[in-house]
Amino acid sequence: MLRSLASLFFYARFVRSFSALGFRRAIGAPASSVPDFSGQTWLVTGATGGIGRCIALQANRSGARVLAVGRSDRRLKDLKGEADKPGRLVPLVADLSRINDVRGLPSKRSVQTRPIDVLVNNVGVLLNQHQLTEEGLETSFATNLLGPFVLTEELKSAGLLAAAGVVINVSSGGMYGSPLKLDPMNCTDPDRFDGMNAYAMHKRALVELTRWWNGQWQGEPVAHVMHPGWVDTEGVRISLPVFRKALQRVLRTPEQGADTVLWLADQRPPPASEGGIWLDRSLQPEHEFAWTRRSPHTAEDLVAYLRRLVG
């Protein structure tokens with residue numbers, strides 16, 4: 001009962017800004033002009049569905065060479081078939097929940113061709129049932145946070161992130177419901193697992209991680225974190241059927257969810273990072289509730305924790 005009331009309060013608090021109503025109020029009709037990403041190389045994770053698919057196809061349409069990462073070879077082939085410039089869309093099969101898969105990406109010839117101008121850490125899953133990976137990690141934690149962390153760190157260490165480029169981390173409005181936590185994020189006990197809370201913790205940690213990268217990199221490249229609002233994706237249909245049924249009429253399209261990622265990538269030079277989280281091309285506060293600020297952990301603690309897990 002308390003969980004239902006808390007969810008109702010949360011949805012009522014954010015429905016005007018996170019729904020399609022909020023997008024139309026903030027953006028109106030997106031500009032008809034198409035951005036020019038000619039000469040750029042992008043790497044987009046979770047590229048075969050929802051927001052990631054829109055980002056990959058739009059970047060390709062706008063002239064970028066897109067390294068599209070997904071788990072399914074068949075869906076990657078379908079994506080390539082939809083691309084306006086299929087010769088400039090490079091499918092890369094990798095499961096972000098498998099750290100060995102992630103570590104293999106920087107060594108691929110197609111990734112090493114030239115530095116990546118735009119890295120979009122888009123992949124994300126909300127699981128209602130507890131799952132462990134072959135490496136003994138909780139699957140949503142590995143997919144949402146540890147995999148993107150390892151990928152970004154390894155690309156940076158290998159000199160494969162362009163200094164003048166941008167890293168865009170796709171978080172979620174759900175992060176407003178959690179402070180930064182460490183050990184609970186990788187819940188290996190099925191009796192203690194709560195998929196919704198896990199997702200919120202992972203997405204909160206992604207905000208903290210963005211700030212830490214900016215402190216380390218000093219703008220070479222710039223890192224930003226955004227959230228797309230409430231988008232009607234396949235993941236929402238599978239994981240949040242009640243939420244979708246209640247709000248289906250006001251959920252955003254994947255194109256609306258992708259808008260701020262494409263807008264951020266089109267800003268040259270990229271906006272300076274000042275903390276905060278982007279929504280609808282506007283920088284929003286990282287916290288909406290005082291209690292989420294009260295964490296004993298820092299971004300440095302988070303990075304140390306992630307590094308311990310991957311050795």
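A short reminder: the numbers here are calculations on the coordinates, not readings from a lab. No experiment lies behind these values; they were computed from the predicted model shown. Every residue, glycine as well, gets a Cβ built from its backbone with ideal geometry; the counts of neighbours run over all protein chains shown.
Brief remarks on what is shown
- Counting only DSSP beta bridges with both residues in the chain, the antiparallel share comes to about 15 percent.
- Cβ-based net charge around Thr233, under 12 Å, with every Lys or Arg adding one and every Asp or Glu removing one: +1
- Contact order relative to length of the chain, as percent, for alpha carbon pairs under 8 angstrom and 6 or more apart: 18 percent
- Cβ-defined net charge surrounding Thr41, 9 Å radius [Lys, Arg +1; Asp, Glu -1]: +1
- Count Lys and Arg as plus one, Asp and Glu as minus one, and take only other residues whose Cβ is under 15 Å from that of Val222; the net charge is then -1.
- GluC sites (Glu not before Pro) lying in DSSP loop within the stretch 182-285, provided at most 14 other Cβ fall within 10 Å: Glu274
- Unsatisfied cross-links (Cα-Cα over 27 Å) in the set Lys85/Lys203; Lys156/Lys203; Lys80/Lys108: Lys85/Lys203
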